[in-house]
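Inspection log for the structure reproduced underneath, given as structure tokens.
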Amino acid sequence: MEEPRKIYKVSEINKIAKNLLEEKFPEIWLEGEISNFTLHSSGHLYFSLKDEDAQINAIMYKWQAGQLEFVPENGMKVIAQGKISVFVKGGRYQIIVYGLKPIGIGALQQAFEQLKRKLEREGLFDKARKRPIPMLPQKIGIVTSPTGAAIRDILNIIERRFANVHILIHPVRVQGDRAAGEIAEAIAYVNERFPSLDVLIVGRGGGSLEDLWSFNREIVARAIYNSRIPVISAVGHEVDYTIADFVADLRAPTPSAAAELVVTNKIELEKKILLLTSKIKLSMKHELDELTSQYRRLVDSRIFLHPEELYSQFQQEIDYYLEKITSKCAHFLDFQKERLNSIAGKLNVLSPLNILARGYSITYKLPENEILKSISQVTMKDKVKIKLHRGEIICTVEETDIPVKKESEKRGVKGE
Amino acid sequence: MEEMKFEEAVSRLEKIVQQLEEGEKSLEGSLKLFEEGIKLSKFCSGKLEEAKKKIEILTKSEKGELAAKPFNLEEEIEKKENNS
């Protein structure tokens, strides 16, 4: 009996092959060099992976290609993660790639440069957005491996400097595939749960470029960018620059340097406060000295020592005027006196009394005291007064005579 | 002053030093600045002494939540060696 031959259809055999391969290789890591790279207008990536002897077709769908942190290029060495499958219509077997990771210095360097350019364009490295690291951070978060060199170095520094700071460590893996995710998550977590942290140190000790690679991952860069707590990056050695360093608010060349930054600050600050304090004391003293000597100068000035000088000048002036006035008055008085004298002299000449001095006399009738000019004014026995140059005589009229002959005899009686 | 940040206090103190050094204040003004400066200086020195040394590590509790507990480097290394 002849067994009936099973005749497959092409599509059937391709499907079987597809199922077999997918079952056998649902997830593999495949190392190779990229060639024939095409970015299709659909967004899917088509390329080959090859080694020295062979090659395999690869496709990466656009939803996964969008997750890539670098743009694959021909010649780039990568590790592809994916499943082996068959393109049924074309009968071509291929790897459907989920993830790609560059390997080797060249590829890593290329990926690094690509991501750096991309994030730079997006503004993640902008100087303007970098926040100042607080002068005196007291609560310090550290995202690193709890057993690595970084934490040991940081604690050493803090121990050595007697720094009283509060340190909170969020342990993470710092190398391997899951490190980047853990680091990014930790940064987000402490931001949410411990927003009172003054500063966050993110880093690890030295290692190869691959060891440090987590800190070149976009997810870490974005977590640092989104951190509300200022971030100090502290990755590897002085010469190692990572993407994290560019995004961080401050790059410390090493973890020890990060610790020193945080702690040295404190010693510097103590010095600074002391200096500032002594400065204000000094300037205050200067000012008081200045004011005191100013006061001394004033108190010791001539005017306070000889206050009379203030008015002696005026006194002198007054004296001068007073003297002037006095002499003016004296002159005036003299002049008036002279004038008076001359008038008096003239008056004297005219005075009837002067006539008396020459021997004339005046006779008054009493009691009327009426000057007698005619005999008719008196009768016998009337009392008369004769005024002489010196003294008076009271007489009684004994006889009257009409003056005809000797007038001088008849006018009155002469007596001394 | 309690609410003041350390850096604010330092920069204010620096400003006071500058103003006092320029010395164009009245005596009253200077004394006021001086007094404020001394207060700031005490505040800053106080802040420098304030923090207590404490080193903690976040560890997962049984509920799977992270909680802070004192950190000891040797313990961590020991744990790691036991795990591997």
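For residues that are in a strand (DSSP E or B) and over 25 Å from B:E8 (Cβ atoms), tally how many sit in segment A:125-147.
Initially, segment A:125-147 is screened for residues in a strand (DSSP E or B), giving A:139-144.
Cutting the leftovers down to over 25 Å from B:E8 (Cβ atoms) gives us A:142-144.
Final tally of qualifying residues: 3.
Scan segment B:62-80 residue by residue and report those that are more than 20 Å from A:F194 (Cα to Cα) and more than 9 Å from chain A (Cβ to nearest Cβ). Quick ask: steps written out before the conclusion?
Here is the first cut: in segment B:62-80, the residues more than 20 Å from A:F194 (Cα to Cα) are B:62, B:72-80.
Across segment B:62-80, the qualifying residues are B:E62, B:N72, B:E74, B:E75, B:E78.
Check A:V239 against each of (1) aliphatic (A, V, I, L, M); (2) surrounded by 11 or more Cβ atoms within 10 Å (Cβ to Cβ); (3) in the same structural domain as A:N216 (by TED's automatic domain parsing) and name the one condition it does not meet.
In the conditions (1) aliphatic (A, V, I, L, M); (2) surrounded by 11 or more Cβ atoms within 10 Å (Cβ to Cβ); (3) in the same structural domain as A:N216 (by TED's automatic domain parsing), A:V239 misses (2) alone.
Touching a helix residue (DSSP H, G or I) at 6+ places or on another chain (Cβ under 7 Å), of a type in the set (D, E, K, R) and either touching a residue at least 60 places away in the same chain (Cβ under 8 Å) or not assigned by TED's automatic domain parsing to the domain that holds A:E159 (or both): does that describe A:K279? Working first, answer last.
Numbers: touching a helix residue (DSSP H, G or I) at 6+ places or on another chain (Cβ under 7 Å): yes; of a type in the set (D, E, K, R): yes; either touching a residue at least 60 places away in the same chain (Cβ under 8 Å) or not assigned by TED's automatic domain parsing to the domain that holds A:E159 (or both): yes.
Considered against the rule, which asks whether it is touching a helix residue (DSSP H, G or I) at 6+ places or on another chain (Cβ under 7 Å), of a type in the set (D, E, K, R) and either touching a residue at least 60 places away in the same chain (Cβ under 8 Å) or not assigned by TED's automatic domain parsing to the domain that holds A:E159 (or both), A:K279 comes out as yes.
Would you point out the residue of segment A:246-285, among those that are hydroxyl-bearing (S, T, Y) and at pLDDT below 90, that is farthest from A:R228 (Cα to Cα)? Break it down stepwise before answering.
If we filter segment A:246-285 for residues that are hydroxyl-bearing (S, T, Y), which is where we start, we get A:254, A:256, A:264, A:277-278, A:283.
Still in the list and also at pLDDT below 90: A:264, A:283.
Working: A:T264: 24, A:S283: 41 Å.
My answer is A:S283.
Out of segment B:14-61, which residues are within 7 Å of another protein chain (Cβ to nearest Cβ), of a type in the set (K, R) and in contact (Cβ under 8 Å) with a residue 24 or more places away in the chain?
Of everything in segment B:14-61, just one residue is within 7 Å of another protein chain (Cβ to nearest Cβ), of a type in the set (K, R) and in contact (Cβ under 8 Å) with a residue 24 or more places away in the chain, namely B:K47.
Tally time: how many residues in segment A:243-286 are of a type in the set (A, V, I, L, M, F, W, C), within 17 Å of B:S41 (Cβ to Cβ) and more than 8 Å from every other protein chain (Cβ to nearest Cβ)? I'd like the intermediate steps shown before the answer.
To start, the set of residues in segment A:243-286 that are of a type in the set (A, V, I, L, M, F, W, C) comprises A:243-244, A:246-248, A:250, A:252, A:257-259, A:261-263, A:267, A:269, A:273-276, A:280, A:282, A:284.
Add one more test, that the residue is within 17 Å of B:S41 (Cβ to Cβ), and what stays is A:267, A:269, A:273-276, A:280, A:282, A:284.
Among the residues that remain, those that are also more than 8 Å from every other protein chain (Cβ to nearest Cβ) are: A:267, A:274-275, A:282.
Number of matching residues: 4.
I'm checking my understanding of the structure. Among residues of segment A:59-118 that are outside the structural domain of A:L39 (by TED's automatic domain parsing) and among the polar types (S, T, N, Q), which one is nearest to A:S42 (Cα to Cα)?
A:Q114
Regarding A:A163, is this residue within 42 Å of the chain's Cα centre (by Cα) and either crowded, with 19+ Cβ neighbours inside 10 Å or within 14 Å of chain B (Cβ to nearest Cβ) (or both)?
Values: within 42 Å of the chain's Cα centre (by Cα): yes; either crowded, with 19+ Cβ neighbours inside 10 Å or within 14 Å of chain B (Cβ to nearest Cβ) (or both): yes.
When the stated conditions are applied, A:A163 passes them.
Among the charged types (D, E, K, R), in the same structural domain as A:S208 (by TED's automatic domain parsing) and within 20 Å of A:N226 (Cα to Cα): does that describe A:E185? Steps first, please.
Working: among the charged types (D, E, K, R): yes; in the same structural domain as A:S208 (by TED's automatic domain parsing): yes; within 20 Å of A:N226 (Cα to Cα): yes.
Judged against the criteria, A:E185 is a match.
Just checking, how many residues over segment A:107-147 are within 14 Å of chain B (Cβ to nearest Cβ) and under 23 Å from A:N216 (Cβ atoms)? Quick ask: steps written out before the conclusion?
Taking segment A:107-147 as the starting set, the residues that turn out to be within 14 Å of chain B (Cβ to nearest Cβ) are A:131-147.
Those still in the list that are under 23 Å from A:N216 (Cβ atoms) too: A:131, A:133, A:141-147.
Within segment A:107-147, residues that are within 14 Å of chain B (Cβ to nearest Cβ) and under 23 Å from A:N216 (Cβ atoms) number 9.
Given the conditions (1) under 29 Å from the mean Cα position of the chain (by Cα); (2) over 22 Å from A:D153 (Cβ atoms), and given that B:K54 satisfies all but one, which numbered condition is not satisfied?
(2)
When you look at A:A150, is it in a helix (DSSP H, G or I), under 20 Å from A:D240 (Cβ atoms), within 12 Å of chain B (Cβ to nearest Cβ) and modelled with pLDDT of 90 or more, yes or no? Spell out how you get there, then give the answer.
Numbers: in a helix (DSSP H, G or I): yes; under 20 Å from A:D240 (Cβ atoms): yes; within 12 Å of chain B (Cβ to nearest Cβ): yes; modelled with pLDDT of 90 or more: yes.
Against the criterion (in a helix (DSSP H, G or I), under 20 Å from A:D240 (Cβ atoms), within 12 Å of chain B (Cβ to nearest Cβ) and modelled with pLDDT of 90 or more), A:A150 qualifies.
Given (1) within 21 Å of A:I154 (Cα to Cα); (2) hydroxyl-bearing (S, T, Y); (3) part of a helix (DSSP H, G or I), identify the lone condition not met by A:T277.
With (1) within 21 Å of A:I154 (Cα to Cα); (2) hydroxyl-bearing (S, T, Y); (3) part of a helix (DSSP H, G or I) applied to A:T277, the lone miss is (1).
Condition check: within 35 Å of the chain's Cα centre (by Cα) and within 14 Å of chain B (Cβ to nearest Cβ). Does A:I232 satisfy that?
Values: within 35 Å of the chain's Cα centre (by Cα): yes; within 14 Å of chain B (Cβ to nearest Cβ): no.
So A:I232 fails the test.
Hey, any hits in segment A:292-305 for a residue that's touching a strand residue (DSSP E or B) at 6+ places or on another chain (Cβ under 7 Å) and either outside any helix (DSSP H, G or I) or in the same structural domain as A:D198 (by TED's automatic domain parsing) (or both)? Steps first, please.
In the first step, residues of segment A:292-305 are kept if they are touching a strand residue (DSSP E or B) at 6+ places or on another chain (Cβ under 7 Å); the result is none.
Looking for residues that are touching a strand residue (DSSP E or B) at 6+ places or on another chain (Cβ under 7 Å) and either outside any helix (DSSP H, G or I) or in the same structural domain as A:D198 (by TED's automatic domain parsing) (or both), one finds none in segment A:292-305, hence no.
From the list A:L250, A:L274, which residue is under 30 Å from the mean Cα position of the chain (by Cα) and closer than 29 Å to B:K39 by Cβ?
A:L274
Name the residues in segment A:83-117 that are surrounded by 15 or more Cβ atoms within 10 Å (Cβ to Cβ), more than 29 Å from A:K18 (Cα to Cα) and among the basic types (K, R), would you?
Across segment A:83-117, the qualifying residue is only A:K116.
Collect the residues in segment B:41-84 that are of a type outside the set (D, E) and in a strand (DSSP E or B), keeping them in residue-number order. Outline the logic, then answer.
Step one: filter segment B:41-84 for residues of a type outside the set (D, E), giving B:41-48, B:51-55, B:57-61, B:63-64, B:66-73, B:77, B:79-80, B:82-84.
Within segment B:41-84, B:K54, B:I55, B:I57, B:L58, B:T59, B:K60, B:L66, B:A67, B:A68, B:K69, B:P70 qualify.
If I ask for residues that are surrounded by fewer than 21 Cβ atoms within 10 Å (Cβ to Cβ), facing another protein chain (nearest Cβ under 8 Å) and more than 34 Å from the chain's Cα centre (by Cα), which ones from segment A:166-189 would you list?
Of everything in segment A:166-189, just one residue is surrounded by fewer than 21 Cβ atoms within 10 Å (Cβ to Cβ), facing another protein chain (nearest Cβ under 8 Å) and more than 34 Å from the chain's Cα centre (by Cα), namely A:Y189.
Among (1) more than 23 Å from A:N164 (Cα to Cα); (2) of a type in the set (S, T, N, Q); (3) in a helix (DSSP H, G or I), there is one condition A:S256 misses while meeting the rest; what is its number?
So A:S256 meets the others, but not (1).
The values are calculated or read from the model by the stated rules, or taken from the named source; none is laboratory data. Only a predicted model underlies this, so the values are computations on that prediction, with no experimental measurement involved. Reconstructed Cβ throughout: ideal geometry from the backbone, glycine too, with neighbour counts over all protein chains shown.
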